[in-house]
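Below: one structure, written as structure tokens.
The values are calculated or read from the model by the stated rules, or taken from the named source; none is laboratory data. Bear in mind the structure is a predicted one, so any value in this text is a computation, not a measurement. Every residue, glycine as well, gets a Cβ built from its backbone with ideal geometry; the counts of neighbours run over all protein chains shown.
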Amino acid sequence: MTPAVAPDARSQRSRPFLFSATLLLPATLLGLAAACATPQQVQETREFAKSYETQVFDLQRQLAECERDRTRIGSQLREERMGNLSTASYSGDLQARMNSLEVMLDGLGRPLNDVERFDVEGGYLFMIQDKVLFASGSDDLEPAGQAALRSLAAEIEQAPHGEIFVRGHTDSDPVKKEETKRKFPRGNLQLSAARAISVASYLIEQASVSPQDVVVMGFGQWNPIKANTDAEQKRLNRRVEIFVSDPVQTP
């Protein structure tokens, strides 16, 4: 009676067996050839088996080289993206452009729309009020928010552009709902980052924006465009900004 084998043990055995079966195929062919073939056929089978074995090892070597290249290129891309994040997203130049928003808002002479576009030095910026994108305390995009992002993505992709900075912001009110606190234990900073990630992910996955172009940032309550002194000004501070930089000019 064959003893029972635990599922984990069986699955662990199956993988090396499949690998070994590939390498044992030439030996099997030789055994069959020796049993019922002429010497010439045996010799031909041996040569075939040797060629087959050489191909298997060459493919394994190439696969290992490809895997090393993939790992190396992936590391380079991560380092490059982190370099972009550290130099671009926190640079004084970019922040200075964002700080000019309050002046622009004051010069509108009308109430701020739920979605606004501003032309700034080095690119342009969409400001989207949080109520369009998310329910209170949530980072799940609402249908209206998805529709707004599809429209913005289509406008962005009409012309060449550089990096796209997605920046999440909140007002100064602390996270209070127990459900929201469980999901975002680090409060407004975590909530703003999660919302920026949701917007960026939608642009990439559903609106065909290239992921290589997108940088995500969360500022929480620490980059307001208005003082958090009343409900209306807090509403303006709860926003997601999409800054689309001009394409890099090559010499």
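Worth pointing out:
- Checklist (1) surrounded by 18 or more Cβ atoms within 10 Å (Cβ to Cβ); (2) out of contact with any His (no Cβ under 7 Å at 6 or more places or on another chain); (3) assigned to a helix (DSSP H, G or I) applied to GLY168, failing item: (3)
Rundown of residues vs (1) of a type in the set (A, V, I, L, M); (2) closer than 29 Å to GLN249 by Cβ; (3) modelled with pLDDT under 95, yes/no style:
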residue	(1), (2), (3)
LEU108	yes, no, yes
ASP114	no, no, yes
GLN129	no, no, no
VAL132	yes, no, no
ALA148	yes, no, no
ALA159	yes, yes, yes
GLY162	no, yes, yes
GLY168	no, no, no
SER172	no, no, no
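- Check on ALA153, buried (at least 18 other Cβ atoms within 10 Å of the Cβ), in the same structural domain as GLY107 (by TED's automatic domain parsing), in contact (Cβ under 8 Å) with a residue 12 or more places away in the chain and out of contact with any strand residue (DSSP E or B) (no Cβ under 9 Å at 6 or more places or on another chain): yes
- Screening GLY220, GLY145 for residues that are farther than 26 Å from GLU121 by Cα, in contact (Cβ under 8 Å) with a residue 12 or more places away in the chain, in the same structural domain as ASP119 (by TED's automatic domain parsing) and touching a Leu at 6+ places or on another chain (Cβ under 6 Å) leaves exactly one candidate, GLY145.
- Inspection of segment 184-194 identifies at least one residue that is at positive phi and of a type outside the set (Lys, Arg).
- Test: residue in segment 192-205 that is surrounded by 20 or more Cβ atoms within 10 Å (Cβ to Cβ) and of a type in the set (Val, Ile, Thr): yes
- The listed residue being aliphatic (A, V, I, L, M) and in a loop (DSSP other than H, G, I, E, B), out of VAL175, VAL240: VAL175
- Subset of segment 123-145 [exposed (fewer than 14 other Cβ atoms within 10 Å of the Cβ) and either out of contact with any helix residue (DSSP H, G or I) (no Cβ under 8 Å at 6 or more places or on another chain) or not acidic (Asp, Glu) (or both)]: ALA135, SER136, PRO143, ALA144
- Residues satisfying the stated conditions in segment 227-237, i.e. touching a residue at least 12 places away in the same chain (Cβ under 8 Å) and either assigned to a loop (DSSP other than H, G, I, E, B) or not assigned by TED's automatic domain parsing to the domain that holds ALA153 (or both): ASN228
- The test for being touching a Ser or Thr at 6+ places or on another chain (Cβ under 8 Å) and hydrophobic (A, V, I, L, M, F, W, C) holds for ALA153.
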